[in-house]
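Presented below is the structure to which this report refers.
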Amino acid sequence: MSIGSWSTISGHLQGDISYSLRKTNVTLKYIDFEFIAFSEAWREFDLAFEYRKDDSETWRTDAYISQVTSNYLNKNRLYGLTSSKEGETHLIRWEYTSSGYLFGQALQVRVVVLPRARVFGRANDTHSISEMYGDGKVKFIIQSENRCIGINQSGQYMCIADGSFYIMDSLNGDIVYSTIMVNSPNYAIQIYSGNYIISDYGNGRIIELDPELLGVVRSYSTSGVSFFDYSEENETLLVSYEESDFIREITWSDIDIGTIMWQSSVSLNNPHSATYSQGDSSRIVIADTGNNRIISCNMHTDGYTMINHYEISEYDDFDPQISLLYKPYIVKQYRDGSVCIVEKEGRSLDFGIIESSSSSSSSSSSSSSSSSSIDSSSSSSMSSESSSSSSSSSSSSSSSNSSISSSSSSSSSSSSESSSSSSSSSSSESSSSSSSSSSSESSSSSGGVALGIGSMAIGSTFVVG
């Protein structure tokens, strides 16, 4: 585009958010953009505004945004934009002259939707949902007696009980669909077809049910499943097993079910989960729980990169042990290369080690959960409970003790789902990924961090970019 002329751009972001972006006003100093966001699954989201002169340049992140209708603004990042099924309209004012451009010059702009994760936790018999975003922001959504493990494409809650899997419009409302064909289900996702894939743990199988949970579409007998991820592109499942030393990829299609396509060859110790990297289903990340590390793997070359710690800022007065990964539980790699990690337990440290200004927060009860975030200088923040993140691009860390850069820490609980993607408004790029990329719920509901006199669990979840 050239400053002064503009056409409406629309797109679809990862099945989560649809949008329209258009110019509404151009002056000699700034451009006003109208951004309309549509979504049933996400009521709020975050984005970054980027620009460049042409294809030969990298995207720049130093755009000066002077006005916006988001909750808050951090440089070129807009946090807490609202969306709805009917569409929510937002203003973005870019002072392009502050970036060295003049009226009439040609340039490209794009918006990048930043990762945000939902937190599903449990304290005693009460379950809760929260979201983490921005610079350590945590937003409490709801609490309920129903155990929610994810949110489907229509924004409904996916819930499990000992002998059922069910869908609710509201966590404290009525059940819309349910099935009792399962026994102790421990994980489920909804795929793009609308069907649900469920780990039917008690019956020793993985099943796929239709959108109304009335009939079995596919079934595969396998016991001890702790977690799985689905690739829409390849029609395969990446399956993790309890007390095992391997990860396995199997077929999951109308043509074939259960054929082993790939199996890990590296030494693992009870890996709880493995997921496809967003945008590249040939790469996966593994939570090698028993070995206290995560592993990035290229399945085409069978190459592995091990990471067992992240770096803390030189300004943080924390015990060095806090930077070591401890029982990673859920792990995901986002499209921008950042990695989201959930630790099942975290480490215990004496209160005396941590300054009172620590970003970790806790409730006054004797058994509660604390949560905050770790945010690198360039990372988008997100939430976690069964999802936390730490930046670990395999290209930049090749040794078995590679590190992840960060600046602070957080603790949390047991399940999360994230919404992240990017699109170029100048070329109307659309991004897609494995359908479970927007829900990475943990099968465990052991959430809260136990607080005892003189000790505190730290580092359960974190976000690094």
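Output the residues belonging to segment 323-358 that are assigned to a helix (DSSP H, G or I) and modelled with pLDDT of 65 or more. SER323, the sole residue that qualifies. The set of residues from segment 156-169 being open to solvent by 20 Å² or more (accessible area, probe 1.4 Å) and within 16 Å of ARG118 (Cα to Cα) comprises GLN156, TYR157.
State which residue is surrounded by the fewest Cβ atoms within 10 Å (Cβ to Cβ) when the search covers only segment 324-346 and only residues that are among the aliphatic types (A, V, I, L, M) and over 23 Å from ILE149 (Cβ atoms). Per the stated criteria, the residue is LEU324. Number of residues in segment 105-133 that are part of a loop (DSSP other than H, G, I, E, B) and open to solvent by 50 Å² or more (accessible area, probe 1.4 Å) equals 3. Of all residues in segment 226-282, those satisfying the criterion of being of a type in the set (Ser, Thr, Tyr) and surrounded by fewer than 16 Cβ atoms within 10 Å (Cβ to Cβ) are SER253, THR259, SER265, SER267, SER282.
Scanning segment 187-201 for residues that are touching a helix residue (DSSP H, G or I) at 6+ places or on another chain (Cβ under 6 Å) and either open to solvent by 20 Å² or more (accessible area, probe 1.4 Å) or in a strand (DSSP E or B) (or both) returns ILE189, TYR192. Residues in segment 57-77 that are modelled with pLDDT of 90 or more and of a type in the set (Gly, Ala, Ser) were compared, and the one that is nearest to VAL113 (Cα to Cα) is ALA63.
Answer yes if at least one residue in segment 134-147 is buried (at least 23 other Cβ atoms within 10 Å of the Cβ) and hydrophobic (A, V, I, L, M, F, W, C), and no otherwise.
Keep residues of segment 134-147 that are buried (at least 23 other Cβ atoms within 10 Å of the Cβ), which gives 134.
Those left that are additionally hydrophobic (A, V, I, L, M, F, W, C): none.
Within segment 134-147, none of the residues are buried (at least 23 other Cβ atoms within 10 Å of the Cβ) and hydrophobic (A, V, I, L, M, F, W, C).
Scanning segment 60-79 for residues that are surrounded by fewer than 19 Cβ atoms within 10 Å (Cβ to Cβ), in a strand (DSSP E or B) and of a type outside the set (Phe, Trp, Tyr) yields ARG60, SER66, GLN67, LEU73, ASN74. Taking segment 247-287 as the range and being part of a loop (DSSP other than H, G, I, E, B), touching a residue at least 24 places away in the same chain (Cβ under 8 Å) and of a type outside the set (Gly, Ala, Ser) as the test, the residues that pass are VAL266, LEU268, ASN269, ASN270, PRO271, HIS272, GLN278. Sub-7 Å Cβ pairs linking a first residue in segment 17-40 that is touching a residue at least 24 places away in the same chain (Cβ under 8 Å) and more than 21 Å from ALA63 (Cα to Cα) to a second residue that is basic (Lys, Arg) and open to solvent by 30 Å² or more (accessible area, probe 1.4 Å), at least 6 apart or interchain, are PHE38/LYS85; GLU40/LYS85, ordered by first then second residue. Exactly one of these conditions fails for VAL217: (1) surrounded by fewer than 18 Cβ atoms within 10 Å (Cβ to Cβ); (2) at pLDDT 95 or above; (3) outside any strand (DSSP E or B). Give me its number. Condition not satisfied by VAL217: (3).
State whether the residues of segment 140-149 include one that is of a type outside the set (Asp, Glu), at pLDDT below 95, in a loop (DSSP other than H, G, I, E, B) and out of contact with any helix residue (DSSP H, G or I) (no Cβ under 9 Å at 6 or more places or on another chain). Yes: one or more hits.
The values are calculated or read from the model by the stated rules, or taken from the named source; none is laboratory data. The model shown is predicted, which means the values in this text are computed figures rather than measured ones. Note that we place each Cβ from the backbone using ideal geometry, even for glycine, and neighbour counts take in every protein chain shown. These area figures cover heavy atoms from the full protein model, side chains too; ligands, DNA and RNA do not enter into them. Shrake-Rupley method; radii C 1.70, N 1.55, O 1.52, S 1.80 Å.
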